[in-house]
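Structure, as structure tokens:
Taken together, the values in this text are just the output of simple stated rules run on the coordinates, not laboratory data. A quick note: this is a predicted structure, and the numbers were derived from the prediction, not measured.
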Amino acid sequence: MNNALKNGVILGALLIIGSLALSMISSSIFLMFKTYIFLVLFIAALVYFGNGYKKGNGGFLTFGEAFKYLFLISAIAVTLCTIFEYVLFNYINPGLIVEQREMAVEAIEKFGSFLGEDIIEESMNQIEQQEFNTIGKTIQAFILRLIFPAAGLALIIGAIIKKKRPENMSA
């Protein structure tokens, strides 16, 4: 499992570097698309690391072994990335919080024709009063990220890459 620690740190570092670079290139693209961009990176890395682990086990890997290995990598990466995003939003670039709030207001205004006037007004008030990127919100996001992508993708990819050792073959 030492390899899982190393690979989790590598994936976490890639996500951090990507987050920093993307936020510096375009904060609006970072806020709108980082989830989708990094999901592709996350999946590719888990498949790569999972296949490497299976290859190191002679080409065989149980579902349980694959899940534990991939979840550990994911949990480490998610932890590092979540801590970095808290620092990014609150210390490195606090303007991201303002832009995040503005984007939420624009979305409500854009889809306001589908909502009633009362709902629009209430939503706008909630956005203005809502605290973005507090410790509580960060912990909440972390827990959700542990469920998906961490556990969810570890389950899916683990199920795909598993390969049972034949009964007549010794370990």
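Given the options Glu85, Glu99, Glu128, which has the most mean-square fluctuation in a GNM of the chain, springs set between C-alpha atoms less than 10 angstrom apart?
Residue with maximal mean-square fluctuation among Glu85, Glu99, Glu128: Glu128.
Name the aspartates and glutamates eligible as straight-distance cross-link partners of Lys34: C-alpha to C-alpha under 16 Å, and not fewer than 8 places from it in the same chain.
Within the straight-line cut-off, Lys34 pairs with Glu85, Glu99.
Using the Karplus equation 6.51 cos²θ - 1.76 cosθ + 1.60 (θ = phi - 60°), what ³J(HN,Hα) coupling, rounded to whole Hz, does each residue of the range 24-40 give in order, writing x for Gly and Pro?
Karplus-based 3J(HN,Hα) across the range 24-40 equals 7, 6, 7, 5, 5, 5, 4, 5, 8, 10, 4, 4, 6, 5, 6, 5, 5 Hz.
Under a straight-distance cross-link criterion of Cα-Cα below 12 Å, which aspartates and glutamates are reachable from Lys162, leaving out those fewer than 8 residues away in the same chain?
Within reach: Glu65.
Residue by residue through the range 97-102, what is 3J(HN,Hα) from phi via Karplus (6.51 cos²θ - 1.76 cosθ + 1.60, θ = phi - 60°)? Round to whole Hz and write x for glycine and proline.
Per residue, the Karplus-derived 3J(HN,Hα) values read 5, 4, 5, 4, 5, 4 Hz.
Can you tell me what percent of all Cα-Cα pairs in the chain are more than 29 Å apart?
35
Where the convex hull is taken over the Cα atoms of the range 47-113, what is its projected area averaged over directions, in nm²? Please report the intermediate quantities before stating the final value.
Details: hull surface 29.5 nm².
Its average projected convex-hull area is 7.4 nm².
In whole Å, how far is the Cα centre of the range 27-42 from that of the range 99-118?
First find each Cα centre; the distance between them is then 21 Å.
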